[in-house]
Amino acid sequence: MQEPTINALVSPEGSLEILSNHEVSRLKDRSEGGLYRLFRQCALAVLNTGIETDDCKALMESHADFDVHLVPQPRGLKLELINAPAHAFVDGEMLRAIREHLFSVLRDIIYSHSIPQSAAGFRRDDPEDLTNLVFHVLRNARVLEAGRQPDLVVCWGGHSISHDEYQYSKEVGHQLGLRSLSIITGCGPGAMKGPMKGATIAHAKQRVKNGRYIGITEPGIIGAEAPNPIVNELVIMPDIEKRLEAFIRCGHGVIVFPGGVGTAEEILYLLGILLHPDNADLPFPVVFTGKQENAEYFEMIDKFIRNALGDEAASKYEIIIDDPTRVAQTMKKGMKEVETFRRAMQDAYYFNWMLKIDPVFQLPFHPNHENMRALELHRDQPVHLIAANLRKAFSGIVAGNVKEDGIRQVQAKGPFEIAGDPTLIEPLEAMLTQFVAQNRMKLPGSSAYRPSYRIVSGAA
């Protein structure tokens, strides 16, 4: 059955700078180098907030007749939407949260693509330039608040989780909110929505007027994880690497709920960075948590980390099972330590400049069959590089599972092949098998999961 659609002219809501004629031209440009296709894809994802799908390709195909036009106005611009999903509207008026998100998409796509062109000497392979790009996108989105005490807890976890797991993530968010802490997530459903929903209720109880529910995403993933409506600050980073850097530069601690390959990618990214010698004394609280029935899940994650990265990596996090209050207390205590350290080192509260990130975690990894097969999954390298390469393996599986380009590649050439040292890839295969068995690869009720990867014997 064809979903009802609507045509509408929409005015800006939220933060949006005035656009130049050149920027408008790039947004209208339908050629390979233009921004039209990217903007249309992200706009459609935002308009599908609340719809349970994690197949970006299927979403685009089911709304092939959707279109978006920029309409210049004397005092700015409006967006003309053609065949937009009707559920984004109430009595013909677009929901305000969705309207905010729509213009956040417009703001960030324009800005992140203009910086490399306008900044003198900007280099895409320079670590300092890449961190500055992350900073400028966040500042332009007005996410960085000078003078505010550390209070941002990054919550990672799966979009495909059980009802009980969702309720637990909501209770953790509630306990965080009761302690006046705010939330950053990947902005989607599941463990990304639960903590925000819990925190909103707690903030209301504590009369917290400035509670923050920050969602950070990127164009490749937004179609699979449309922003949930609680997000009141949405940021679209240029790619997954800058998204991950944004999380840990502006967040002050991390909570990890059960998830699948995307969550494993985030864990390996974080641990790979915290294992860098320059970050040894940097306070950064990390908690893995879930219900009692998730204890085996975290035992599996812990075992995988200890095997791949060693016991030092495991010392960077604490596992707390079925105790939302203790999770929140641990984070609150961690925030105080972060505040004391930043003040002593004269580092900003709003952006972690001191954190050392190796370029291998910053340079974009493009998942394709050749790059996935060539991953260096062996032990003859520093431990943080093992983490970096395992992170890339998970990133490629995420792309094959839910990103439009990755799905097309797997359909055309078959699953991505992953090879390497058996002591690394055999535990990797075992963990992936468990993710599949626990339905952590696809949303519940969606079609049966067809693996986007294949583990092959022999070194890479």
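Below, the figures for the structure above:
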read-out: Selection status of residue 326, in contact (Cβ under 8 Å) with a residue 60 or more places away in the chain and among the basic types (Lys, Arg); value: no
read-out: Residue count, region 56-82 (criterion: assigned to a helix (DSSP H, G or I) and either more than 13 Å from residue 5 (Cα to Cα) or modelled with pLDDT of 80 or more (or both)); value: 6
read-out: First in region 190-210 and polar (S, T, N, Q), second anywhere and open to solvent by 10 Å² or more (accessible area, probe 1.4 Å) and in a helix (DSSP H, G or I), Cβ under 7 Å, 6 or more apart; value: 206/178
read-out: Meets criteria (among the hydrophobic types (A, V, I, L, M, F, W, C), out of contact with any Ser or Thr (no Cβ under 7 Å at 6 or more places or on another chain) and within 20 Å of residue 441 (Cα to Cα)) for residue 221; value: yes
read-out: Qualifying residues in region 322-356 (those that are among the aliphatic types (A, V, I, L, M) and within 24 Å of the chain's Cα centre (by Cα)) - the one nearest to residue 254 (Cα to Cα); value: 331
read-out: In region 403-429, the residues that are part of a helix (DSSP H, G or I), open to solvent by 10 Å² or more (accessible area, probe 1.4 Å) and in contact (Cβ under 8 Å) with a residue 60 or more places away in the chain; value: 404, 405, 407, 408, 423, 427
read-out: Selection within region 219-238 - of a type in the set (D, E, K, R) and under 10 Å from the mean Cα position of the chain (by Cα); value: 225
read-out: Residue match in region 128-136 (condition: touching a strand residue (DSSP E or B) at 6+ places or on another chain (Cβ under 8 Å) and either touching a residue at least 12 places away in the same chain (Cβ under 8 Å) or within 24 Å of residue 294 (Cβ to Cβ) (or both)); value: no
read-out: Hits in region 315-334 - residues which are open to solvent by 50 Å² or more (accessible area, probe 1.4 Å) and in contact with a Leu (Cβ under 7 Å, 6 or more places away or on another chain); value: 332
read-out: Candidate set from region 5-21 (those that are surrounded by 11 or more Cβ atoms within 10 Å (Cβ to Cβ) and either at positive phi or out of contact with any Lys or Arg (no Cβ under 8 Å at 6 or more places or on another chain) (or both)); member that is modelled with the lowest pLDDT; value: 14
read-out: Qualifying residue in region 28-50 (condition: open to solvent by 50 Å² or more (accessible area, probe 1.4 Å), part of a helix (DSSP H, G or I) and at pLDDT 70 or above); value: yes
read-out: Meets criteria (farther than 21 Å from residue 160 by Cβ and either surrounded by fewer than 18 Cβ atoms within 10 Å (Cβ to Cβ) or not polar (S, T, N, Q) (or both)) for residue 297; value: no
read-out: Some residue of region 447-458 being over 27 Å from residue 163 (Cβ atoms), among the small types (Gly, Ala, Ser) and either surrounded by fewer than 16 Cβ atoms within 10 Å (Cβ to Cβ) or modelled with pLDDT of 90 or more (or both); value: yes
read-out: Residue satisfying condition, being among the small types (Gly, Ala, Ser) and in contact with a Phe, Trp or Tyr (Cβ under 8 Å, 6 or more places away or on another chain), within set 448, 399, 374, 387; value: 387
read-out: Qualifying position, being of a type in the set (D, E, K, R), closer than 30 Å to residue 421 by Cα and touching a residue at least 40 places away in the same chain (Cβ under 8 Å), among 299, 312, 339; value: 312
read-out: Test: residue in region 137-148 that is closer than 30 Å to residue 5 by Cβ, part of a loop (DSSP other than H, G, I, E, B) and open to solvent by less than 30 Å² (accessible area, probe 1.4 Å); value: yes
read-out: Matching entry among 287, 261 (being crowded, with 21+ Cβ neighbours inside 10 Å and within 13 Å of the chain's Cα centre (by Cα)); value: 261
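The values are calculated or read from the model by the stated rules, or taken from the named source; none is laboratory data. The shown structure was predicted, so the numbers you read here are calculated from the model rather than taken from an experiment. Quick reminder, even Gly has a Cβ in these numbers, built from the backbone with ideal geometry, and neighbours come from all protein chains shown. Side chains included, ligands, DNA and RNA excluded: accessible areas come from the protein's heavy atoms. Shrake-Rupley method; radii C 1.70, N 1.55, O 1.52, S 1.80 Å.
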